[in-house]
1. Open to solvent by 10 Å² or more (accessible area, probe 1.4 Å), under 34 Å from the mean Cα position of the chain (by Cα) and at pLDDT 80 or above: does that describe residue 456?
2. Here is a list of conditions, (1) within 26 Å of the chain's Cα centre (by Cα); (2) modelled with pLDDT of 70 or more; (3) under 25 Å from residue 547 (Cα atoms), and residue 367 meets all of them except one; can you say which number that is?
3. Mind listing whichever residues of the stretch 624-656 are open to solvent by 20 Å² or more (accessible area, probe 1.4 Å) and either within 18 Å of residue 303 (Cα to Cα) or of a type in the set (S, T, N, Q) (or both)?
4. Scan the stretch 281-313 for residues that are over 26 Å from the mean Cα position of the chain (by Cα) and under 25 Å from residue 617 (Cβ atoms) and report the count.
5. Please work out which one of (1) over 22 Å from residue 433 (Cβ atoms); (2) of a type in the set (Ser, Thr, Tyr); (3) part of a helix (DSSP H, G or I) is the condition residue 741 fails and give its number.
6. Filter the stretch 242-258 down to the residues that are among the polar types (S, T, N, Q) and in a helix (DSSP H, G or I) and list them by number.
7. Any residue in the stretch 21-28 that is more than 32 Å from the chain's Cα centre (by Cα) and either at pLDDT 85 or above or under 28 Å from residue 324 (Cα atoms) (or both)?
8. Among the residues of the stretch 702-712, is any touching a His at 6+ places or on another chain (Cβ under 9 Å), over 22 Å from residue 539 (Cα atoms), in contact (Cβ under 8 Å) with a residue 24 or more places away in the chain and of a type in the set (Phe, Trp, Tyr)?
Amino acid sequence: MKGLYLVGFLFFLGLLSCTNGADEQHVDVSLRNEALDTLRSVLHSDQNWQSVHAAEFLVDLDYSDEVNTLYREKASLYHDSLYYRHGIWRTLAKASSPRERSGWITKIEEVFDDPQSKDRIHAVESLAKLGVAPREDVEIGDSILNAFYTWARVHDSEEEQVRVKNQFISYLNSDEYSVREKGIAAYALRRIGALNIEHWNTVVNRLSDASLDPRLRLSLLTLTLIEAPEDSVSSQQYLAFKEELQGLAEGASLMAKLQLATVLSEIGSAADLTTLESLLRLKDTSAMNLAADINAAAANAILRIDRRFQPTLSVIDWLVIAIYGALMLGIGWFYSRRNKTEEDYQLGGRKMNSTSVGISLFATLLSTVSYLSYPGEMIKYGPVIFAGMLGFPLVYFVAGWWLIPQIMKMKVTSAYEILEIRLGTSIRMLAIFMFLSLRFLWMATIVYVTVDIAFLSVVSINPDYIPFLSILLIIITIIYTSMGGLKAVVMTDVIQTIVFLGGALISILIVSYHAGSFAALIPGEWSPVWKPFRLGFDPQERTTVGNAVMMLFAWYICTTGSDQLAIQRYLSTRDITSARKSLKVSLYSNLIAKLLLALLGLAMLTFFSMHPHFLADGQNLGEQADTLFPRFILIGLPIGLSGLVIAGLLAAAMSSLSSGLNSVSTVISEDIIKRFKILKEGSQSGLKRVQILSYLTGFIVMILSFMVANVQGTLFDVLIKVTHLFVAPLFVLFFMALFISFSRPLATFIGGIISIATAISIAFFGAFGITVFWVLPCSFFIGSGTAVLLSLIEHKIKN
């Protein structure tokens, strides 16, 4: 009955989300096309600065190709044109690839660094807008130049940002500064953003001054409306400011019309489209330049409002998800009636099918984080990371003929019994600490990514519900895992593998159909957004082929040789041959999955490049790479299929969570409770104890999942930083126990601790400029090298 209640609750949330999104509508296609045509018309006009503004809007909206082509021609024509050249260079810096951007910025910096340049103000303004701090402190006498220079300094550091905000707020309150300086301060504060309540109240108080210059009042109204704290948006004061700006815009003031379009680009909704349509079609022959700016700003606002549309799942999609959840609970209940002993629960009676075990191992290690991060990595950085699959044959040879035989010859339940046999209790306890830390953080990350990134990307639901959804996901997984043990885990893993790989394949096929052919997904040339293709090894470079192969090889070997998740599955097979076959199935499954995810990344890149209006507002394609697939699920898939693929995302999470819960509870039971006889003999059955531990483990994971949001970086960075921290240090212990005949407990313990310190220093502090791709090999070699050296010294001393 509990399972039915949970499914009912999930379905109820789905109905709520459908209701919440029902009032939202896309901008009409004809209006969207008119807005785009307007931007392109202004872009190609002979109104130089209006063209720059339209170009910047188009780049921000991810229509960069046309801008790039046109402005490269302009750069050669106007390279000596004072003032205007900075608009061209700034636009190209925004539109170009990362490796070309620095060249355009250098041109701007060279002008600013020359005290004799007549367009230094335009240079430093461009640096400020590009988020580039000037290269060195300079003495500036001109007050206007100094105001822009102060703004540019905001990009130096967080401390400098706070100082600059306070300084600009003081501009607004002082009579020492001119109206133009105050206008620059207001504009800069709007571009910097994130004003605190004290700053906002200061601006509001300035607006109460009836003698305020009309030009400055417009600037402050714009700043106030855009930067208003969330709890002030519905206040009478805020609404009064908005009505004042709208009233001014309805009059003859063209500048008020421009500011209104600017405000609506940030806070507007479908209700403002009628107003924006009139601004889009405004014609004023007496001030054509300003009219063109208004047209472009209105077009930008319309296109941004279009992107704020939040599609929702249908009732049918939610029904599919609910049925899927019920199926998982049913499998757990079915196998709960078949488990008779603790070994049945933990190891499936050591008689499980090797193919099923291999698929289960693959599904366990390919979590939601991987399911979303690999396509995102392809979109943002290119296919280099997938070159790591070239290391699979070496993984199979080393793991299958070097590690698995050593593990299988020791008939144990927990992998960490091996460590005590060779190196004593202290090493076993250190390994348990590492394993539990690794898996608790790993499962917490999966819950956070599944709910906070994947689920909220496709469901229009209040973010306040995140804790409840996290709890729900964990409870469903705990119930079927604690009921059915490893047999239920393996069976659900097989089903979930079919679901989430099928979801990826269907998405690829649909995008291929829209693009005209499968070949359309494959880029004809190396994307300028991706980093240059490189073959070798480089600890200070994120993506090279050598780095990718090395990282994947190191991860597989360390995981195979030390992780209870993997070792538990090998021990559940009949013999070495079966265990090796499980590894082969896992590698083949992983190869297929990674190829699919690579193609999925290319498919998402193709789809959203063809349809930039489907991107979310406020970020470019690369910045939202990790959420494009969840967004496509709602936008690009038919009703019903969306629910199935969402079920695939939940499947990947539940697969990994179920395996993690099962393995963690087994380790706690075998390595802590039974090892130290914490419970009295006969106080409860071993099977019941492990089931209770699954519930306790789920509770801890739920708490930790609320803290993972603080980890910085892309999803792939999070995957490495959080889940790779203890992988190599754990393998250091097993390496010493299995392969170093003269290993010593104290030396191994010290090596393990040093390995952890190395991993943390690289992952979170960028020690020696080393990238996160090198966390595993560096922490392993430093840790094992230390342990071997100290063991050798101790061995020599005692002999």
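1. No, not satisfied.
2. Unmet condition: (2).
3. Matches in the stretch 624-656: 627, 631, 635.
4. Residues meeting the conditions: 13.
5. (3)
6. Listed by number, the list holds a single entry, 246.
7. no
8. Here is the first cut: in the stretch 702-712, the residues touching a His at 6+ places or on another chain (Cβ under 9 Å) are none.
Among the residues of the stretch 702-712, not one is touching a His at 6+ places or on another chain (Cβ under 9 Å), over 22 Å from residue 539 (Cα atoms), in contact (Cβ under 8 Å) with a residue 24 or more places away in the chain and of a type in the set (Phe, Trp, Tyr), which makes the answer no.
The values are calculated or read from the model by the stated rules, or taken from the named source; none is laboratory data. The structure presented is a predicted model; accordingly, all values stated were derived computationally and were not measured. Neighbour counts run over all protein chains shown; Cβ positions are idealised from the backbone, glycine included. Just so you know, the surface numbers come from the protein's heavy atoms only, side chains and all, with ligands and any DNA or RNA stripped out. Shrake-Rupley method; radii C 1.70, N 1.55, O 1.52, S 1.80 Å.
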